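Report on one structure; see the data block that follows.
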Protein chains: 2
Amino acid sequence: MSEPRVDTVLKIGGSVITDKNGELAAKTNEIDRIAEEIQKTKAQGLVIVHGGGSFGHPYAQRYGLKEGFKQESQKVGFSETHHVMTVLNGLMMDALVWHGVQAISIAPSSCLITENGRIKDFVDAPLKRYLNMGFMPVLYGDAVLDTKLGFTILSGDQLISYLASKLHAERIVVGVDVDGVYDSDPKTDGNSRLLKNLTLQDLKKLRTKLGKPTLSDVTGGMLGKITELVPAVEQGIHVTVVNATKPNYVYRALKGDPVEGTTIRKE
Amino acid sequence: MSEPRVDTVLKIGGSVITDKNGELAAKTNEIDRIAEEIQKTKAQGLVIVHGGGSFGHPYAQRYGLKEGFKQESQKVGFSETHHVMTVLNGLMMDALVWHGVQAISIAPSSCLITENGRIKDFVDAPLKRYLNMGFMPVLYGDAVLDTKLGFTILSGDQLISYLASKLHAERIVVGVDVDGVYDSDPKTDGNSRLLKNLTLQDLKKLRTKLGKPTLSDVTGGMLGKITELVPAVEQGIHVTVVNATKPNYVYRALKGDPVEGTTIRKE
């Protein structure tokens, strides 16, 4: 099987498509708008990953899944967490298919296993074959099996960096609910400054500067994103972080048109 | 990793959980009842597979997916078919998780590829690990990739026989919408006779006797079921076919209690 040509790995943050103050609160209008923007690009070689937002996170947190299997009562929590993620993914798929996109969901928990929280065995034959046939694979943060922990939570951010590296993608587009990467949390710090251009060195410095992730995000917020992006940027993959809640920002980022946000390059 | 002990592979027919005269017509009361029956058994080592009914079949047929990729316009049909199957699976998972069952959906299209319609590469490491941890994997008939055809339709019936053989299951329970296996189609032939006990030899004879599958079922109806069951029965796996639309028939079959239906054994 020939290697598929992958242009972009697109992440849609859970905070964009769900209301993080609610629980199981999908923003269906936003999901539909983003699906339409993706359709409009007529993109080939695009892989999509979305986060868990108010679907995956509250469940994962309630049952302490990220830390692994410790007691029997967590198991039904694992089932619930994966299930609610498939429900959110179903809403995303519904919108994409409705807009005529040849999208195919790939359930991470069905085809990969982590080791101490890091992707270890990813069976990518279906993924690559889908890409070669012109389908658009859609993955998501998920509750997954782990060789050491029993199970854990795999973040969409780990997944985008892993997929972009493995598939030799040209670039990563990260859609979030703020205008890009800031030097501090713009939601709590009124003086935070938007960083428009970052190098790998800047990114590493920022990683040490930024504080702890907000408690409500089991997969690490902006700090988690940056930490995960480092290896991809090291490989020369370009990253654009844009505000996906603003109409046509994802569209323009995918088209390669100028758009407000943060650009991260190796040098 | 040690081999999991699998007692039963349970198939729930699409005609049990959907209205085959409709389209996307789920019988949510039936789904809930069956989920409750499964929960009541407290079964360990159980794998569930469900069919497509009025979700998968009309879409698969409309786009001629079973015969493989022939034209671009089928691709969005492939996306739609897989998507509607995940929707039906989501209803089943919703009911199971609501009843507190540690069920985990495994998307066939995410982890297996067929060759000319037959399962070729099934990455079963997650499946086996779920079973070893005490989870109940739930799979379903699906639109899948095929090395020769591009893509095709995988029936739940092929899946149960394959899984029972591969996992060395003790038995297969097949839940359908009639009282068991008949010597002709009981829905169209008033004189058809219920066959309570069949040997492998009987089964093979019946396979040649039974006519063509009904057109509305892209995966072959009772003839398709029997054809798929032959290799499993050859391996000594016991099969029970029961009417899953009758309350507690699935429960009793799973418990091994006496229940009306058809029993198939090698000799």
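The values are calculated or read from the model by the stated rules, or taken from the named source; none is laboratory data. Remember, it's a predicted structure, so these values are computed and weren't measured experimentally. Every residue, glycine as well, gets a Cβ built from its backbone with ideal geometry; the counts of neighbours run over all protein chains shown. Each accessible area value is taken on the protein alone, full model and side chains, heavy atoms only, with ligands, DNA and RNA left out. Shrake-Rupley method; radii C 1.70, N 1.55, O 1.52, S 1.80 Å.
Given R₀ = 30 Å, FRET efficiency for B:R5-A:R62 by Cβ-Cβ distance, to 0.05? If you can, show how the numbers build up before the last one.
On the way: r = 31 Å, r/R0 = 1.02.
Efficiency at R0 = 30 Å is approximately 0.45.
Name the residue from A:V47, A:Q61, A:T81 whose Cα lies farthest towards the positive end of the charge dipole of the range A:42-84, charges +1 on Cβ of Lys and Arg and -1 on Cβ of Asp and Glu.
Of the candidates, A:V47 comes out farthest on the positive side.
For each pair in B:K75/B:K128; A:K40/A:K246; A:K148/B:K11, compute the distance between the two Cα atoms and list the pairs where it is over 22 Å.
Numbers: B:K75/B:K128 31 Å; A:K40/A:K246 16 Å; A:K148/B:K11 32 Å.
Those over the limit are B:K75/B:K128; A:K148/B:K11.
Contour minus end-to-end for B:K166 and B:Q44, with contour as 0.36 nm per residue of separation and end-to-end as the Cα-Cα distance?
Net length gain for the segment: 42.2 nm.
Quick one: with label points 7 Å out along Cα→Cβ, list the inter-copy distances for B:H168 in nm, shortest first?
The answer, with the shortest distance listed first, is 4.2 nm.
Determine the share of the protein assembly as shown's accessible area contributed by carbon and sulfur atoms, expressed in whole percent, with a 1.4 angstrom probe.
Carbon-and-sulfur percentage of accessible area, whole number: 47.
Going by accessible area, probe 1.4 Å, with all protein chains left in place, what is the ranking of A:E267, A:E30, largest first? Walk me through the numbers before you get to the answer.
Numbers: A:E267 180, A:E30 45 Å².
Of A:E267, A:E30, the descending order of accessible area is A:E267, A:E30.
Report the gain in length on full extension from A:K205 to A:E72: 0.36 nm times residue separation, minus Cα-Cα distance, nm rounded to one decimal. Display every interim value, and only then the final one.
Details: separation 133, 0.36 × 133 = 47.88 nm, distance 4.10 nm.
Here the answer is 43.8 nm.
Using the heavy atoms of the protein chains alone and a 1.4 angstrom probe, what is the accessible area of chain B per residue in square angstrom?
39
If you take the accessible area of B alone plus A alone and subtract the pair, what total do you get in square angstrom, rounded to 100, with a 1.4 Å probe?
Between B and A, the summed buried area is about 3200 Å².
I'd like the distance separating the alpha-carbon centroids of the range A:33-85 and the range B:1-71, in whole Å.
Using only Cα atoms, the two centres lie 23 Å from each other.
Would the protein assembly as shown count as rounded, prolate or oblate if I go by the C-alpha gyration tensor, calling it rounded below 1.5 in a/c and otherwise prolate when a/b exceeds b/c, oblate otherwise?
Prolate, since a/c reaches 1.5 and a/b exceeds b/c.
Only bridges with both residues in chain B count here: give the DSSP antiparallel percent, nearest 5.
35
At 1.4 Å probe size, what's the solvent-accessible area of B:H99? Round to the nearest 10 Å².
Only protein atoms counted, so the area is about 40 Å².
Taking a ≥ b ≥ c as the square roots of the eigenvalues of the Cα gyration tensor of chain B, is the shape rounded (a/c under 1.5), prolate (a/b larger than b/c) or oblate?
It is rounded, given that a/c, with a ≥ b ≥ c, falls under 1.5.
If the reach is capped at under 12 angstrom between alpha carbons, list the aspartates and glutamates near A:K205, excluding any in the same chain fewer than eight residues apart.
A:D183
Taking the alpha-carbon distance from B:K66 and a cut-off under 13 Å, which aspartates and glutamates remain once sequence neighbours fewer than 8 residues away in the same chain are dropped?
List returned: B:E115, B:D142, B:D146, B:D217.
For chain A, what is the mean residue ellipticity at 222 nm derived from helices alone (per DSSP H run of n ≥ 4: -39500 (n - 2.57); sum divided by total residues; nearest 500 deg cm²/dmol)?
On the way: 10 runs with 108 residues, N = 267.
Helices in chain A give a 222 nm mean residue ellipticity of -12000 deg cm²/dmol.
Do you know which residues of the range B:65-81 lose at least 20 square angstrom of accessible area in the protein assembly compared with their chain on its own, with a 1.4 angstrom probe?
B:K75, B:V76, B:F78, B:S79, B:E80
Shortest first and in nm with one decimal, please list how far the A:N191 label point sits from its counterparts in the other copies (point 7 Å along Cα→Cβ).
Result for A:N191, in nm, nearest copy first: 9.4.
Tell me, what ³J(HN,Hα) does each residue in the range A:232-244 have, in order and in whole Hz, if you take phi through Karplus 6.51 cos²θ - 1.76 cosθ + 1.60 with θ = phi - 60° and put x for Gly and Pro?
5, 5, 4, 7, x, 7, 7, 10, 10, 10, 10, 7, 6
Would you work out which of A:I153, A:S110, A:H238 lies farthest towards the positive end of the dipole of chain A? Charges go on Cβ: Lys and Arg +1, Asp and Glu -1.
So the residue furthest toward the plus end is A:H238.
Provide an ascending nm list, one decimal, of label-point separations from A:E267 to the equivalent residue in each further copy; define each label point as 7 Å from Cα along Cα→Cβ.
7.6
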